[in-house]
Each structure stands twice: as C-alpha cells, then as structure tokens.
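Peer 1: My structure is below; once you've seen it, I'll send some questions.
The values are calculated or read from the model by the stated rules, or taken from the named source; none is laboratory data. Because the structure is a prediction, the values reported are computed rather than measured. In this analysis, Cβ positions are derived from the backbone assuming ideal geometry, glycine residues included, and neighbour counts consider all displayed protein chains.
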Amino acid sequence: MCSVRVSTLDQAREGFSLGEQEARLKDFCKAKQYEVYKVYADEGISAKNDKRPAYQQMMNDVKNGTINVIVAFKMDRLTLSVCDVEKLMKIVKEANCDIDCLADESNTTTSNGRMVMRIMTSVSQNEIEKCSERTKLGMVEAIKAGHIPNRTPLGFKRNNKKLVVDPLTKDIVERVFDLYLEGKSHQTIANIYNKEQVLCKTNWKDSTIGKIMTNELYKGDYLHGKKTKNPTYYENIVEPIVSKEKWDNCQYQKKRNARHYERTATYLFTNKLKCSTCGRFLGGCATTKPNGKKYYYYKCKKCKTNYKEEEIKNGLLIELYELIQKDNLMNKYYTPFIKSKLDNNTEEYTKKIKELEKQKDRIKTAYMQGIVKMDEFGNELKSIEFNIEELEKKIKEEKQVENFNFTTNDLLVLEDTKKIDELVYPDKIMENILSLTNTPREEMKRIISIYIDNIEVNKIGEQTELKYIEYRKSFLADLVNFHNEYGVPCNWSILSDSSGSKIAMNHEGKTSKEAQEYFDKLQETINNDKLKLNYYEIEADDYLEDVGFIPNGDYEKVLRLIVLSDSKRYDDKTLRLGVITLDMESAILSRIGKTKEASNELCHI
C-alpha cells in the first residue's frame, strides 16, 4: 500500500502534489518488489494528530492483517507527533507490519531505521511547535494593534483592517446596556428594537441581545479563544463603546436576575435590598386588600424580617430627586459641553450620506432593469433611507453644539443657581419630590435601576432604616471620567451644614483670584432676583472636622466650598477654603416680592 498526504504549505514550498507523491511511491514499491494494495490519501489535512479519515482506514487495515508494509513518502506524511509515532510503531509491531519511507531512512525493519523515525518525528514536531509559537506571537501583536480576527461586531467598523468604533451604530449598542440597567430583560429589549425596526430589522432576538451584553469588545477588551480551555484575555485593545463599570454592572445584574426573577408583579426593588444583619437579598411579596389595593413587601428569609415597600420608597425620594436633577444637568448641559470638545464628524457623516445616495441610485437602476425583485428593492431602499436619516440626525446634533461656548465655570454656575432656587423656594422642591410618589411603577422601577445598585436596610422597632445606599458604579464613574477628561464639575458631598443639608465642594482647586471671580460671576447671574451672596476665605484642618466662620448676616446657608490652590495643600496641617453663602434674609424677601408681583398681576387680570 501507499500512504500520501499533502498540505497547502507543502505544495507551495516543494511542489509535492498528491499525484507526484503517488507516482514516485509506486516506482519505489516496484523497485522494492512491493505489491500495491491501496493508496491512502489525506489532502490538506494536518498530521498533527491521527484523526484523519484515510489514516484511520489504513490503521484498520493494518490491524485486520490486510497489509504488511506501510510505504510513505516521508515520515511526516504519517504523523508529526512523537506520541503518535510511538503508538503507530506499537500497532504495526503487534500486527507484524513494517513502515518504509522513500525520502528518508525511516523504517521499522532495523533498529537504526526506528531510531531515525523517532528523530525525524521529533524534528517535525519541533518545527510545528516553533511555527505555532511564531503564529501565536504574530497573532498577539496583531490583536494588540486592534486587528481582531473575528467578524466585525455591531457598533464597530474596519479601518485598514483595524477595529474602530462606528459612530453610526455605536449608540444602538450603548442603548442595549442602558436598557438592561433600567431593568429590561433581553427579550424586552429585543421587542423594543423590533417595534422600532432598529437597523430596519424585525428579527431581533433575546439571544442577540445576550451576545451583545457578554461581548468584552464593547468595554475595549478582547478574549481570544473563548471556547478553548485556556483563553487569553487582552485589555484595552480597542476604543470602548461602554465603560468597564457599566459592562461589569450588567454582568453582575445578570447573575442577580438569574437568582431572583419576578414574573407575577412589578417590584420596585427587585435585587436591590440587602439585609443589614445577614447580607442576603430580600425577596418580594404582595397582598391585595378587599378594596383592590395592592401592598408590596420585602422579606429576609433567614432573619424573618419584613419591610414595607412604601416606607423604603418614601425614604429614598430625596435621594432620587437629587440624582434625577444631576442626570438632567448631564443630559441637558454636560453632554453638549463634552460633545463641543470632541472632534467634529460632520464631514465624515456628509461623505457617508453621499455614498448612500449613490447606493440608492444603483438599487433603483437595478430594479428598473429587472435585476432585483420588488421585495429586495423595498428592503434595501428602506435600509439605505434609515441610515441616511440617522446620519442627518447626527449632523444636526453636531451643528447644535458648534455654538456651545460653555466653560466649566458656567457649568458650576448652573449647579449653584439650581441650589439657590431650592433654598429660595423649598415648597416647590418638596412638591417636585412628592410628585415622584405618583410616578407609575414601571417608570419608578426604571429610575431606581438607573441610579441605585443596592440598599442596605435595617429594622429599628417598627421603623425601616435605609442604612447604606450604594449607587450604580457606572453612573458615578461617568461623573468622574467626565470631570477628569473634560473638566465637567465633580463635587464632593462629604460635608453637611448644621441642618443636615449637603454642601458642594469642588476639589480641583482655584486660586484666590479665580475663586473671587467665580463668586462675582455667580452674584451677577442671580442679581435680577435681588439675592445676596457672601464670600469668605477660611482655614480648616486637613480632616475638615472644623469648618466654621463668622457670618455677615443673621442667617446664611453655605452653597459651595472651594479649595484654594494657592494656599497650603492637603498634606499640610491647615487648608484654606473659599466659602460662598446665600443670605437667607434676601432669599425670603425675594420670595415675598415675587409672590406679591404674581398676586398683583393676577388682580390686574
């Protein structure tokens, strides 16, 4: 018999086709006076292991005693594995069969031949392993350079074979993560995308959403060989679409959802409440009264403690209101401020629209000539028009921020004027907070899911205590990242005044002159309301345990503390701070004055 095998590399390098090997082997058999029983050929299959169809058939014939000599062109045509060659030699020995190779002295008829066989196989295996190492090294360098070998996932595109973020589709991916953190399931997100026909598709599935949620590329990392026993993890390979904190939050939320899944009712705090005693998450339950009203409870199964949902929600209202206001500031002012600092992509979007318009013309021509059918034409045209609309929206957004000339001081003024408004009109703020109680349950659950990761609850007698609130790390990380990269205000709230109100404190530092200029700007902004602000410079210890000053007015509320960067630093014993306060007497007079104006206007009407 003859055994031949060829790989693409062999044929390119040496020109040893199957036909060429077979012809030379038959001449070799004729010279050796071997009768050829059969030719066993494996084309384009590696000899790194013995799982090859023709090879397996040959070994069965050896074991059955059908053949007594295996003739091969070279030993590496049979196997490249030292382990497999020992197994092969054992099988042929037990079957009284020999191996004879044409191009080298490998054979089993002599001890020297068997030694050469082992040596040649070791050399071949070493070459294979070195080639594998070189390939892996090249793969590592390519991956680190952003050349990801897999299919291009949604939200990315190829630029010179390198994976980069696609501005046209990245928002679709980011929205998936945001919807999941709002409490939506994979299937619900798929249903939303199908209803909206995102990317002109109506075949979004929960499995598609699941794959997006677990793809490390979206946080900038890559897992090579995910389905193998020893995958390799690469960090920060591509530009991320979502932050690592947001991606990790979604994975954590997925694990919690697997343990606690509520199907029968909408629980506001599913997977959110932890028992302060044992650390377990609380399960939800509900009762319906004879009047039809439903009451929700949460219970710690281990500690046998019950908590009323209404009490927890009421205790959280002020926190939620402040978070919503902060988020509104981010969406209304901070996001445009950040976009105004980023590169303008209008030119790229316009170029893409021109390409899509050409595609539209081509598909119309193809339809008129009968090349494409009506349904194909309609689907293709719909997809092109959708992409054009999306690009036009992005161009409009770019134009909206072109004239956005806010500075970081302007953003601070926005925060402080909002705080002043709350101090001047506390009743209005309380009305807004209480209005949250009428928020529909699904919407309230979404709000809680966006900002709150978990709440540690405790029972003191019959009263429920919110012992510790842990906010979503992704939400907090966005604030910190926006501050570090773009200068968006990021305030401390580690201090409270004597009434318990939190005091904003920007830690990036200003000189005394800059702090005074900021104070003047803030005073000028609110001058129409006849409100009076005061500015002080004080000393405090490095632990901020005693931050006090002698006020100018009878009653003042602290608006902001400013670290003065031209004074002593944190590692010294004292620290100088700028303090901005609101004179509450002027606030009361302003409120009374506006009330009178409103009454007079009403009387006039």
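Peer 1: Return the pairs, sorted by first residue and then second, in which the second residue is buried (at least 17 other Cβ atoms within 10 Å of the Cβ) and of a type in the set (Phe, Trp, Tyr), the first residue lies in region 62-81 and is touching a residue at least 40 places away in the same chain (Cβ under 8 Å), the beta carbons are less than 7 Å apart, and the residues are 6+ apart or on different chains.
Peer 2: Cβ pairs passing all conditions: Val69/Tyr34; Val71/Phe28; Val71/Tyr34.
Peer 1: What are the pairs with Cβ atoms under 7 angstrom where one residue, in region 222-239, is of a type in the set (A, V, I, L, M) and the other, located anywhere, is surrounded by 11 or more Cβ atoms within 10 Å (Cβ to Cβ) and part of a strand (DSSP E or B)? Sequence gap at least six, or different chains.
Peer 2: Leu223/Tyr233; Ile237/Tyr222; Val238/Leu163
Peer 1: With region 150-256 as the region, which helices (runs of 4 or more DSSP H) entirely inside it contain at least 3 residues that are under 26 Å from Glu348 (Cβ atoms) and within 13 Å of the chain's Cα centre (by Cα)?
Peer 2: Filter on region 150-256 gives 170-181.
Peer 1: May I ask you to say which residue of Asp520, Asp541 is surrounded by fewer than 13 Cβ atoms within 10 Å (Cβ to Cβ), of a type outside the set (Ser, Thr, Tyr) and modelled with pLDDT of 80 or more?
Peer 2: Going through Asp520, Asp541 in turn, just one is surrounded by fewer than 13 Cβ atoms within 10 Å (Cβ to Cβ), of a type outside the set (Ser, Thr, Tyr) and modelled with pLDDT of 80 or more: Asp520.
Peer 1: Here is a list of conditions, (1) of a type outside the set (Ser, Thr, Tyr); (2) under 20 Å from Leu317 (Cβ atoms); (3) at pLDDT below 65, and Val457 meets all of them except one; can you say which number that is?
Peer 2: It fails just one condition, (3).
Peer 1: Which of the residues spanning region 58-83 are in a helix (DSSP H, G or I) and either closer than 24 Å to Asp27 by Cβ or in contact with a helix residue (DSSP H, G or I) (Cβ under 8 Å, 6 or more places away or on another chain) (or both)?
Peer 2: Those that are in a helix (DSSP H, G or I) and either closer than 24 Å to Asp27 by Cβ or in contact with a helix residue (DSSP H, G or I) (Cβ under 8 Å, 6 or more places away or on another chain) (or both): Met58, Met59, Asp61, Val62, Lys63, Met75, Asp76, Arg77, Val82.
Peer 1: When region 43-78 is examined, which residues are found to be more than 22 Å from Arg118 (Cβ to Cβ) and modelled with pLDDT under 80?
Peer 2: Selection gives Glu43, Gly44, Ile45.
Peer 1: Mind listing whichever residues of region 581-605 are of a type in the set (A, V, I, L, M, F, W, C) and at pLDDT below 75?
Peer 2: Across region 581-605, the qualifying residues are Ile592, Ala598, Leu602, Cys603, Ile605.
To keep it simple, each residue is scored yes or no on (1) modelled with pLDDT under 85; (2) in contact with a Cys (Cβ under 9 Å, 6 or more places away or on another chain); (3) within 30 Å of Leu181 (Cα to Cα); (4) crowded, with 19+ Cβ neighbours inside 10 Å.
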residue	(1), (2), (3), (4)
Phe475	yes, no, yes, yes
Asp546	yes, no, no, no
Thr574	yes, no, no, no
Val579	no, no, no, yes
